[in-house]
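**Q** Pasting a structure below so you can have a look.
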Amino acid sequence: MTYDGPKSFNALPKEVRSVTGCSVDNFKSGLDKFLYTIPDEPPVPGYTARCRTSNTIPDQVTLQGRDARIGSSSGPLRL
């Protein structure tokens with residue numbers, strides 16, 4: 001959809017999306033460093049991933065923020 005690109009860009013951390021005055025290669029390098037922190041968890045039938053909604057950057061960033069707040073490094077919550 002037409003709003004997916006802006007939604008993904010707006011989900012990026014401020015340090016990445018507010019970079020100015022640098023080359024495209026420097027921006028892409030910073031973006032790559034951030035993207036390496038996002039797990040690739042596509043929905044697969046029969047596989048339980050941490051994020052059940054989707055594998056999009058906005059959803060994964062939200063999940064990553066939640067994990068940071070509750071102190072989880074990955075996987076489902078263990079009680």
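**Q** Under 7 Å between Cβ atoms, at least 6 apart or on separate chains: pull out the pairs that start in the stretch 1-25 with a residue that is within 14 Å of residue 35 (Cα to Cα) and end on any residue that is of a type in the set (D, E, K, R) and surrounded by 12 or more Cβ atoms within 10 Å (Cβ to Cβ).
**A** Once the first residue is within 14 Å of residue 35 (Cα to Cα) and sits in the stretch 1-25, its partners that are of a type in the set (D, E, K, R) and surrounded by 12 or more Cβ atoms within 10 Å (Cβ to Cβ) give 9/17.
**Q** Restricting to the stretch 1-42, give me the number of residues that are in contact with a helix residue (DSSP H, G or I) (Cβ under 6 Å, 6 or more places away or on another chain) and of a type in the set (S, T, N, Q).
**A** So the count comes out to 1.
**Q** Based on what the data block shows, is residue 28 more than 13 Å from the chain's Cα centre (by Cα), modelled with pLDDT of 75 or more and charged (D, E, K, R)?
**A** So residue 28 passes the test.
**Q** Now for a different question. Of the conditions (1) modelled with pLDDT under 85; (2) surrounded by 10 or more Cβ atoms within 10 Å (Cβ to Cβ); (3) on the phi < 0 side of the Ramachandran plot, residue 75 clears all except one; give me its number.
**A** Status for residue 75: all satisfied but (3).
The values are calculated or read from the model by the stated rules, or taken from the named source; none is laboratory data. Nothing here was measured: the structure is a model prediction, and the numbers come from that model. Cβ: placed from backbone, ideal geometry, glycine included. Neighbour counts: every protein chain shown.
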